[in-house]
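Written out below as structure tokens is the structure these notes cover.
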Amino acid sequence: MRIAAGVDVGSTQTKAVLIGANGDGVEVLSRSLIDTGANVRKAAEKAFDECCQAAGVAQADVGFVVGTGYGRYNISFGHTQMTEISCHARGAHFLCPGTRTVIDMGGQDAKAIGVGPSGEVLDFVMNDKCAAGTGRFLANAAEVMGIGLDDIGPLSLRATRPVKIATVCTVFVESDILSYLSQGKKPEDIMGGVHLAIAKRTMSLARRVNIEPLVTMTGGVARNIGMVRALETVLGQKIIVTPDAQFMGAVGAALFSLEKLGESFESSVWREHAVSSGD
Amino acid sequence: MKQFERTFDSLLEGMQDLSFAGVWRWKEQHPGAKSVAFFPVYAPVELVHAAGMLPVLLSGAGDRLDIQHADSRFGSFICSVIKTTMEMAMTGHLEPFDGLLFSSICDSARNLCFVIKRNYPRMYVDFLHLPHSTSDSSVEFLTEEYRRIVVELERMSGAPIQPAALRRSIALYNIQRSLVRQLYDLRAESPYLLRAWESYVLIRSGNFMPVEEHIEILKQALDYLPSRPGKKRDAIRVVIEGAFCEQPPLELIRLLENAGCDIVEDDLAIAQRWFTEDMPLTDDPVRALAESYVHRSVYSSVRHDFSKPRWEGLAEKVRDTRAEAVIFLIAKFCEPAYFDFVLFKKKVDEMGLPHLLLEFEEKLFTFDRLRTEVETFVESLVFD
Amino acid sequence: MAEKPVSEYRGSIHQQQKDLMLDWYQRLDHAAETGDPPTVSMMISGNCVELLEGFGAIPQYPEVNALQLAIRHQSLEPILAAEEMGYAGDNCAYVKADIGCMLKGITPTGGRLPKPTLVLCNFVGCNTYVKWFEHVSAFTGAPLFVLDVPFLRNDTPSQADIDYVVRQLKEVVGQMEELIGRKFDYDRFRQSVAYSSEVEELWSQIKHLAKNSPSPFDAYFDAITLMGPLYVYRGKREGVEFFRAALNELQQKVKAGEGVYDQERFRVVVEGPPPYPYFRTFRDMFASWKAVAVASTYSTVGGLWEFGFRHDAKNPFESVAMHMLAQNVTNRNYLQRYDQIRRYVQEWNADGVIIHFVKSCRLFSAGQGDMRDYFTKQLGVPTLYIESDLEDPRYFAEAQTKNRIDAFFESLEHAKRTAAHAVSA
Amino acid sequence: MPLVAGIDCGSGFTKALVAAQDAPGSELRILGRGRARSGINVDQAASEALEQALGGNSRSDLSYIAATGFGRYNLSFRDIAITEITTAARGAFFLFPRAGAVLDIGSQTTRAIAVKDNGRVNTFKSNDKCAAGSGMFIARAAKYLEVPLEQVGDLSLHAAHSHPISSVCAVLAESEIINHVSSGVSVEDILRGIHDSLADRAGALLKRVGLKDELTFIGGVAHQQGMVRALEQRLNVKVNVAEDCEYVCALGAAVLGLRRLASRN
Ligand SMILES: Nc1ncnc2c1ncn2[C@@H]1O[C@H](COP(=O)(O)OP(=O)(O)O)[C@@H](O)[C@H]1O
Ligand SMILES: Nc1ncnc2c1ncn2[C@@H]1O[C@H](COP(=O)(O)OP(=O)(O)O)[C@@H](O)[C@H]1O
Ligand code: SF4
Ligand code: SF4
Ligand code: SF4
């Protein structure tokens, strides 16, 4: 069995995945998830290490490692790097076959990716220079309201009259929330408003790519059921979420690793590119 | 008085109605007749009227429409009237119109014209080049440009525009403009009889109904208002400058007044006061229209007359209305207004006049920050 | 770390263009000192530099100053100075940099700049131009003439449009005669128009060389180097000589099969001005993928010649008017720009389009989302959309921009590989 | 001897200050200060703060109450509501009459105010809708760097170098900070870099309203010595900081309250 790894060093959380391939097919062997924290390099090492341990595989036996995510150039042990855009598309194509659109919401950014029939990226858009309307926005809102991250989604689903959130600034949303609280608005309505505001913002970004079914959501925010539902409402379409949503980038990276191992295509551009921009 | 309030409420409703029920009604009453919407600031409504069509102002959706599609066409750093107008197009809100007219006010508006043209190829969408200079050759050119529009309108309506009909339209709009001027005079004289936000609604709503109806409404208002109960209040007299195209939320105009400002002059709804004098009724009314634009129209950040700087126009306004301060009310990302602010500010500083710069967007849900700024401004003038 | 692929073309024309531009700056410096030759401030886009030749006057281009400043990483200070005066964060930063320099006494070129004899606002599409020159005139006291060029509403200008511009050109001539105190030399003007048409022919041929694969030069980054002489020397003999040499040199490269990179991987069309404050960084992002721009809209700001237009010495005024009205990218309507890019993609055989949104410039950028929509959805051309600014260094996010460019080329690479795979399977 | 109170109903804390004027025309004398978390009920927080500020005096001794700050209209027992910009200018002018400009950096806003020579506001400018450059930016950075907010000022003061932050977004800057940490930049240097970049932003605002050689710095961030130094160095001005910088608006409100009272009598 050939074993390959993908490590997705996100701004908030670092994800690692091992996959194995033999004659019968490809399967995910193990995953690990840790907070990225202050030391990006260490986080990547730790995630990779945990992942190997979980699968009972020695690091030396992992044939190839592709790093992705914003900290990809900090991975000391990775063989090459790819952007998370390619990786999310690839992962979604593998785990949710038929995916044509990926909506990825992570800690600090949101993207939409148009995916072709073979998992290739046709088109993509990302938010810019501003963390407005990202996972962090939600995390902050949760913190202000004193609600756990796991609970905000379910809470938001109970909203009957969602409030209007004027600011999109991840930091300033706090004062909006506080002022709604002081007006006696219900927590679920506030949270409903927050989710709706982000869903609208995200969709107005995502509409720049051709949104075609199947739409798959990836990234940590996909764990938030409230956000998924809000996006579905705004989009008017079903959105697919797998339990591995947050690992999608890492899965994609691992698949690229596997390809490298198999050398199924000539793809020297990666290595060359990796060298020219890494340090 | 009850009558006035009732009319007022329906005007307010009409001007905020994104379904353009009034336009649909008019079209039902005039089977086969067309309606042409025009983007701010100025459009030769007389031509549209003379063609037997209903001219309607197209200026965004305020806070009444969420932007869900337009962001994908117009990105960051573009003013909101562009985006909400695009959103209206993309959500079927422009259905009542048979044509759209844009003009050379700014680069964003111009590009909007062509973007809409691409997306709605069956609609008549035109771009009017209003000259940026004031020589006789500009009159010559604009006359030709208007004739080009006339041909388009005739093609749409299937009938020629007769000079007599155009003269009649011009005469009607002359009346409308003179009534609007009277309303402004009344307000400048006795701001307590008519608040700025009220006069704004009275005037602006005229963009969504036949001019004949609007004239009646203005006449009634002018009859009633002098007898309206009201008493002088302690407020500073201000001129508002900069909101000539995208319009501030009504709430914001009220906020300014509540914070202690009497708005005695403004450039809101400026298109309805575009000409400084009545337009002459001549044998060649198209030419008269062009001549009036070039030589007899108000200063504005989107009209360039190099024989008289715009800042002198502002200074005159201030002097004529005995204003004590200027509030620059500028739509976020409105480049013409931003640029003019620099030269206006220079002039106003030279005049020793206090001024305040406020930026707004169509969509504002919380006004706290703006309120604080306006109140501070007023406090800085009234506290000793 | 391996060597970075080097993309920049450094032939002998590179030095020649430097010399030419230096000479121009020295003449401006001389004019600042002595008042001779007379100078006219003008905008690059749709400029009527030939007219100046009729007076022996030379142009000043505030945009050239602004971009020089940005390339040298000196634009922030004057921008801030202008903002202190009241210019908004969202005003075109070219204007702010220019006005800021004026106020701070910064000379963007190293040498001095004369007070222009005339501030000639050739309004071609950009409304900011009108404001800009009005401000320059207000702050320097130099006389202003606004040459109002009707925007191209339809595919071609009408006779009324042409007449209007010709009339104004003659008015400008009249005003310059008064200001300069010299008679307009019509023959010299006509000669200049003739030179222009020669330069245009050469330049057009150069642009068409990029149809070769590999392309001998980068029609975005390298084209910018060649654009200086195009604006300053178009109507002059020196211009003809320079572009003849350039064409020769590049033809040699084509013959030798030399391209921008040893191995050209991607061919793209670029829309929008470059981020001058990060010019080098930006270029390197393309170089690391060996991606070459085979055409760009920005290089047609001054004039659009690759599709056949030439000035015409037989009808000098009319052809100048025609150039201002219809043959530069800024006075053409948005849909014509789509079409221009579409032709580039098809005829220059490009893999994709890169749209660079600059926050300063609404003329270029307002509606680029729709442009993107047209190319990706209607034509199925891979398109990348990135944002920054052409003058203000505060709007360049290096990591994000790189991420996007990498992702874009990764996807093009993937598409190529799958295509190759499909063929071999 | 009339007693007046100025109450600053801020978004985080409510601050009250009680003052007296012994004789008409004489200097105002500060009797006490008090502070309470704002919470949801403005009246309650204000009462609490006021109680502390009154010292031994009783509420009924107060002749005039001037409210200022974000929640000023929600204070039911006010005699007047004045904006925090007006009161900041007054308070700062009372303390440092020679300073022509006031810089107020709170948790959400940064404001530059030009003050006339009678304490009136001349012009002002605030930052907009974006947390970049506000106190919140620092508070979050401190959290990320795991240093208590109270030490931020000192640490930055002791930096050897300034390590700049390029991101304009308070949130995205965090990853940049993390990057710096992981590449071994010291916490001190990072904090100083933050202070420097905040000082530059504040400087840009100040220059837009007009800055001469003396500046009064108020708001919570004025507690941070490092920020004060950054302002002094980058803007080349004298920076005044009041010992109780968070009470400046309450003080200004009291000053104006006293004037209203005088004009009423
Ligand atoms: N259990 C959860 N419920 C809701 N949201 C979650 C949960 N776990 C993580 N998130 C969200 O996911 C984000 C992290 O997503 P991720 O895709 O890992 O981001 P990045 O790759 O940028 O680090 C966090 O900011 C958080 O908002
Ligand atoms: N003791 C302190 N030491 C250092 N910084 C402080 C201290 N107290 C507050 N701050 C800073 O001041 C900010 C709050 O300022 P403040 O003026 O109280 O805000 P507001 O009035 O807007 O609630 C905090 O975000 C923090 O950065
Ligand atoms: S508000 Fe200003 S920028 Fe926007 S369309 Fe109107 S004139 Fe143009
Ligand atoms: S707006 Fe664009 S075209 Fe106009 S001056 Fe600025 S950069 Fe040039
Ligand atoms: S608005 Fe908020 S989220 Fe956006 S850049 Fe500013 S601080 Fe960051």
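Read the figures in this text as sums done on the coordinates, not as results from a lab. Not measured: the values here are computed from a predicted model. Positions of Cβ are backbone-derived with ideal geometry, glycine not excepted, and every protein chain shown enters the neighbour counts.
Roughly speaking, what % of Cα-Cα pairs in chain B are separated by over 33 Å, rounded to a whole number?
Tail fraction, whole percent: 28.
What per residue convex hull volume, in Å³, do the alpha-carbon atoms of the range B:247-384 yield?
126
Given the pairs A:LYS15/A:LYS111; C:LYS211/C:LYS314; B:LYS308/B:LYS345; B:LYS308/D:LYS207; B:LYS346/D:LYS116, which span a C-alpha to C-alpha distance of over 27 angstrom in this model?
Among A:LYS15/A:LYS111; C:LYS211/C:LYS314; B:LYS308/B:LYS345; B:LYS308/D:LYS207; B:LYS346/D:LYS116, the Cα-Cα distance tops 27 Å for C:LYS211/C:LYS314; B:LYS308/D:LYS207.
Based only on other Cβ atoms within 10 Å, what is the fewest-to-most ordering of D:LEU191, A:LEU18?
In increasing order of surrounding Cβ atoms, one gets A:LEU18, D:LEU191.
Over all directions, the average projected area of the alpha-carbon convex hull for chain C comes to how many nm²?
Average of the hull's projected areas for chain C equals 20.9 nm².
Taking every pair of alpha-carbon atoms in the range B:9-62, give the share separated by more than 12 Å as a whole percent.
The answer is 67 percent, as a whole percent.
Could you tell me how many degrees, from 0 to 90 and to the nearest 10, lie between the Cα long axis of helix B:107-119 and the main elongation axis, the longest principal axis, of the Cα atoms of chain B?
The angle comes out at about 40 degrees.
Could you give the longest part of chain A that holds none of the GluC sites (Glu not before Pro) found in DSSP loops with at most 12 neighbouring Cβ atoms within 10 Å?
Counting only loop sites that pass the neighbour cut-off, the longest clear stretch is A:1-262.
Output the relative contact order of the range A:1-138, whole-number percent, from Cα pairs under 8 angstrom with separation of 6+ residues.
So the answer I get is 19 percent.
Counting only Cα, what are the radius of gyration and maximum Cα-Cα distance Dmax of the range A:98-241, in Å?
14.8, 52
Please give the per residue volume of the convex hull enclosing the alpha carbon atoms of the range D:1-84, rounded to a whole number of Å³.
Numbers: hull volume 7.0 nm³, N = 84.
Here the figure is 83 Å³ per residue.
Counting only other chains, and only Cβ atoms inside 10 Å, what mean value do you get across the residues of C:163-169?
Numbers: counts 4, 10, 2, 1, 6, 6, 0.
Per-residue shielding by partner chains comes out at 4.
Using each residue's phi in the range D:95-105, evaluate 6.51 cos²θ - 1.76 cosθ + 1.60 at θ = phi - 60° and report the 3J(HN,Hα) Karplus result to the nearest Hz, with x for Gly and Pro.
Couplings: 7, 9, x, 8, 7, x, 9, 10, 10, 10, 10 Hz.
Quick one, what does Rg over Rh come out to for the range C:1-158 if you take C-alpha atoms and the Kirkwood Rh?
That ratio is 1.02, to two decimals.
Rounded to the nearest 0.05, what FRET efficiency is calculated for C:ILE106 and C:GLU178 with R0 set to 30 Å and r the Cβ-Cβ distance?
0.40
In degrees between 0 and 90, to the nearest 10, how far off the longest principal axis of chain C does helix C:159-180 point, with axes built from Cα atoms?
That helix lies at roughly 50 degrees to the long axis.
Please identify the trypsin sites (Lys or Arg not before Pro) of the range B:117-161 that satisfy two criteria: DSSP loop assignment and at most 11 other Cβ atoms within 10 Å. Which are they?
When the trypsin sites (Lys or Arg not before Pro) of the range B:117-161 are filtered for loop state and at most 11 Cβ neighbours within 10 Å, B:ARG122 remain.
So what's the range B:76-143 giving for Rg/Rh, alpha carbon basis, Kirkwood Rh from the mean inverse pair distance?
Here Rg/Rh amounts to 1.05.
Using modelled backbone amide H atoms (1.01 Å from N, in-plane), which distant-in-sequence or interchain residues come within less than 5 Å of B:ASP262's amide H?
Under 5 Å from the amide H of B:ASP262: B:ILE236, B:ARG237, B:VAL238.
May I have the pair-distance distribution P(r) for chain A, computed from all Cα-Cα distances with 5 Å bins from 0 and rounded to whole percent?
Taking all Cα pairs of chain A, the binned fractions are 1, 6, 13, 17, 17, 15, 12, 8, 5, 3, 1, 0, 0 percent.
Once the Cα gyration tensor of chain D is found, what semi-axes does its equivalent ellipsoid get, as square roots of 5 times the eigenvalues, in whole Å, sorted largest first? Intermediate results must be reported in sequence, preceding the final value.
Working: eigenvalues 242, 76, 44 Å².
Square roots of five times the eigenvalues give 35, 20, 15 Å.
Can you tell me the mean projection area, over all orientations, of the convex hull of the range C:156-293's alpha carbons? Units nm², please.
One quarter of the hull surface, i.e. the mean projection, equals 11.2 nm².
First obtain the Kirkwood hydrodynamic radius of the range C:95-213 from its Cα pairs, then insert it into the Stokes-Einstein equation at 10 °C and 1.306 mPa s, and state the resulting D in µm² per second as a whole number. The partial results should precede the final answer.
Details: Rh = 17.4 Å.
In µm²/s, the coefficient is 91.
Pull up the DSSP beta bridges for the protein assembly as shown and report the antiparallel fraction as a percent, rounded to 5.
The answer is about 40 percent antiparallel.
Does anyone have the angle between helix D:42-54 and the longest principal axis of chain D? Alpha-carbon axes, 0 to 90°, nearest 10?
Helix D:42-54 sits at roughly 70 degrees to that axis.
Apply 1/(1 + (r/R0)^6) to the Cβ-Cβ distance of A:ASP151 and A:GLU212, taking R0 = 45 Å, and write down the FRET efficiency to the nearest 0.05. Numbers along the way, then the final one.
Values: r = 33 Å, r/R0 = 0.73.
With a Förster radius of 45 Å, E is 0.85.
So in chain B, what percent of DSSP beta bridges are antiparallel if you round to the nearest 5?
Once the DSSP bridges in chain B are tallied, antiparallel ones form about 5 percent.
How long are the three semi-axes of the equivalent ellipsoid of the range C:357-407, in whole Å, if each is the root of 5 times an eigenvalue of the C-alpha gyration tensor, listed from largest down?
21, 16, 5
Give me D:THR87, A:THR170 sorted ascending by neighbouring Cβ count inside 10 Å, so fewest comes first.
Ranking D:THR87, A:THR170 by Cβ neighbours within 10 Å, fewest first, gives A:THR170, D:THR87.
Once the Cα atoms of the range D:44-83 are picked out, what are the Rg and Dmax in Å?
My reading of the Cα-based Rg and Dmax gives 10.2, 29 Å.
Once the Cα atoms of the range D:17-163 are picked out, what are the Rg and Dmax in Å?
Final numbers for Rg and Dmax: 18.1, 55 Å.
With Kirkwood's inverse mean 1/r over C-alpha pairs for Rh, give me the Rg to Rh ratio of the range A:155-216, two decimals please.
The Rg/Rh ratio comes out at 1.08.
Given the convex hull over the Cα atoms of the protein assembly as shown, what projected area results after averaging over all orientations, in nm²? Present the calculation step by step, with values, prior to reporting the outcome.
Values: hull surface 210.3 nm².
Computed as one quarter of the Cα hull surface, the answer is 52.6 nm².
Got a sec? How would D:CYS245, C:CYS361 order by Cβ neighbour count within 10 Å, fewest to most? List each step's numbers first, then the result.
Numbers: D:CYS245 20, C:CYS361 23.
Arranged by neighbour count, lowest to highest, D:CYS245, C:CYS361 become D:CYS245, C:CYS361.
Expressed as a rounded percentage, what relative contact order does chain C have, with Cα pairs under 8 Å and six or more residues apart? Spell out each step's value before the answer.
Numbers: 742 pairs, mean separation 85.7, N = 425.
So the answer I get is 20 percent.
How high is the relative contact order of the range A:98-241, given as a whole-number percent (alpha carbon pairs under 8 Å, six or more residues apart)?
In percent, rounded to a whole number, it is 32.
Quick check: convex hull of the Cα atoms in the range A:45-182, volume per residue, rounded to a whole Å³?
Cα-based convex hull of the range A:45-182, divided per residue, equals 167 Å³.
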